[in-house]
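Trainee: Could you have a look at this structure, given as structure tokens, before my questions?
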Amino acid sequence: MDTELIAQLTVNGIAVGSIIALAAVGLTLTQGILRLSNFAHGDFLTLGAYLTLVVNTLGVNIWLSMILAVVGTVAAMLLAEKLLWSKMRSVRATSTTLIIISIGLALFLRNGIIFIWGGKNQNYNLPITPALEFGQIRVPQNQLWVLGLAIVSISLLHYLLQNTKIGKAMRAVADDLDLARVSGIKVDRVIIWTWVIAGTLTSLGGSMYGLITAVRPNMGWYLILPLFASIILGGIGNPYGAITAAFIIGIVQEVSTPWLGSQYKQGIALLIMILVLLIRPKGLFKGTI
């Protein structure tokens, strides 16, 4: 195959991997800390993209629109925590029950988005910018922005987890919730912070996905399999593992399209996960579960 095509697809895969990485970190935190397999996570990503679209179409700068969308997405996640997940934890609901509820929440969010904004593809109000050319490789400027924003966000997350009190508390809760509670850690505060961080990264992932593709109601649903593949492949509850796995999946998905076509991208994510788990059943890195 043409090496220029491989290089071009790799660049595209890095951009897609950046988006998967941000959303996967939020998903792996809720899975590792709250023990919640949240199938509504992709639809919260979609919500972030649509909130960005709403603010942007009012004439607001796209970057400020993303920040305001983060506020809305985090508020929606905290509302779900208040109305659903806290009550389910209080009655010690089973993991199966939580999964079914999260699927119901996903359907509610997706149909609510269609009801409010319709089902057609929409785009941000952005100036047209020429792609940068590196030899035969064309890199849209939006893809560079996506990668840059992902690097900054992941760097800030690393600092928060490793160097702040709340970050250390989150890691303690992920390792052993009961031990963390008896050690005096305020678990309820950790839960709130988990949703805030997950909502922030997920909303940014949705906004950035809208930069490189159209904003549509099912965009998050199509990403849910690569998201779960990333957190399982990287070790459940391990944000760094999720990031690494997300870039692997993003690149392999894009590079495989000349042979398999774009319709099998989700299948590629699942295949990668299965092949790695056959060799390393706990994933590439140590998880918290």
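The values are calculated or read from the model by the stated rules, or taken from the named source; none is laboratory data. No experiment lies behind these values; they were computed from the predicted model shown. Positions of Cβ are generated from backbone atoms using ideal geometry, with glycine treated the same way; all protein chains shown enter the neighbour counts. What goes into the accessible areas is simple: the full protein's heavy atoms, side chains included, and nothing from ligands, DNA or RNA. Shrake-Rupley method; radii C 1.70, N 1.55, O 1.52, S 1.80 Å.
Trainee: Would you tally the residues in segment 248-263 being part of a helix (DSSP H, G or I) and surrounded by 15 or more Cβ atoms within 10 Å (Cβ to Cβ)?
Mentor: Total satisfying the criteria: 9.
Trainee: Could you name every one of the helices (runs of 4 or more DSSP H) located completely within segment 157-239 that has at least 2 residues being in contact with a Pro (Cβ under 6 Å, 6 or more places away or on another chain)?
Mentor: Correct list: empty, since no element meets the threshold.
Trainee: Looking at segment 1-30 only, could you name the residues that are of a type in the set (S, T, N, Q) and surrounded by 24 or more Cβ atoms within 10 Å (Cβ to Cβ)?
Mentor: Of everything in segment 1-30, those that are of a type in the set (S, T, N, Q) and surrounded by 24 or more Cβ atoms within 10 Å (Cβ to Cβ) turn out to be Ser18, Thr28, Thr30.
Trainee: While we're here: Tell me the residue from Leu144, Leu160, Leu156 that is of a type outside the set (Lys, Arg), in contact (Cβ under 8 Å) with a residue 24 or more places away in the chain and surrounded by 12 or more Cβ atoms within 10 Å (Cβ to Cβ), please.
Mentor: Only one candidate passes the filter, namely Leu160.
Trainee: For segment 124-135, name all the residues that are assigned to a loop (DSSP other than H, G, I, E, B) and surrounded by fewer than 17 Cβ atoms within 10 Å (Cβ to Cβ).
Mentor: Of everything in segment 124-135, those that are assigned to a loop (DSSP other than H, G, I, E, B) and surrounded by fewer than 17 Cβ atoms within 10 Å (Cβ to Cβ) turn out to be Asn125, Leu126, Pro127, Ile128, Thr129, Pro130, Ala131, Gly135.
Trainee: Another question about this same structure. If I ask for residues that are farther than 14 Å from Ser37 by Cβ and not small (Gly, Ala, Ser), which ones from segment 90-108 would you list?
Mentor: Val91, Arg92, Leu107, Phe108
Trainee: May I pose another question? Look at segment 89-118 and say how many of its residues are open to solvent by 50 Å² or more (accessible area, probe 1.4 Å), within 28 Å of Val16 (Cβ to Cβ) and of a type outside the set (A, V, I, L, M).
Mentor: Qualifying residue count for the region: 3.
Trainee: Within segment 207-219, identify whether any single residue is farther than 14 Å from Gln122 by Cβ, open to solvent by 10 Å² or more (accessible area, probe 1.4 Å) and not β-branched (Val, Ile, Thr), and answer yes or no.
Mentor: No; the residues of segment 207-219 include none that is farther than 14 Å from Gln122 by Cβ, open to solvent by 10 Å² or more (accessible area, probe 1.4 Å) and not β-branched (Val, Ile, Thr).
Trainee: While we're here: Hey, Arg138 hits all of (1) open to solvent by less than 70 Å² (accessible area, probe 1.4 Å); (2) part of a strand (DSSP E or B) but one; which does it fall short on?
Mentor: (1)
Trainee: So if I check each of Asp178, Asp188, which one is open to solvent by 60 Å² or more (accessible area, probe 1.4 Å), modelled with pLDDT under 90, more than 12 Å from the chain's Cα centre (by Cα) and within 21 Å of Val74 (Cα to Cα)?
Mentor: Among Asp178, Asp188, only Asp188 is open to solvent by 60 Å² or more (accessible area, probe 1.4 Å), modelled with pLDDT under 90, more than 12 Å from the chain's Cα centre (by Cα) and within 21 Å of Val74 (Cα to Cα).
Trainee: So is Ile236 β-branched (Val, Ile, Thr), at pLDDT below 85, under 19 Å from the mean Cα position of the chain (by Cα) and open to solvent by 10 Å² or more (accessible area, probe 1.4 Å) or not?
Mentor: It is true that Ile236 is β-branched (Val, Ile, Thr), at pLDDT below 85, under 19 Å from the mean Cα position of the chain (by Cα) and open to solvent by 10 Å² or more (accessible area, probe 1.4 Å).
Trainee: Just to be sure, is Leu284 without any contact (Cβ under 8 Å) to a residue 12 or more places away in the chain, surrounded by fewer than 23 Cβ atoms within 10 Å (Cβ to Cβ) and over 15 Å from the mean Cα position of the chain (by Cα)?
Mentor: No; evaluated as a whole, the condition is false for this residue.
Trainee: Tally time: how many residues in segment 34-88 are charged (D, E, K, R), in contact with a helix residue (DSSP H, G or I) (Cβ under 8 Å, 6 or more places away or on another chain) and surrounded by fewer than 18 Cβ atoms within 10 Å (Cβ to Cβ)?
Mentor: Looking only at that region, the number is 1.
Trainee: Then there is this: Considering Ala269, Ala242, which residue is surrounded by 24 or more Cβ atoms within 10 Å (Cβ to Cβ) and either hydroxyl-bearing (Ser, Thr, Tyr) or more than 25 Å from Leu161 (Cβ to Cβ) (or both)?
Mentor: Exactly one residue qualifies, and that residue is Ala269.
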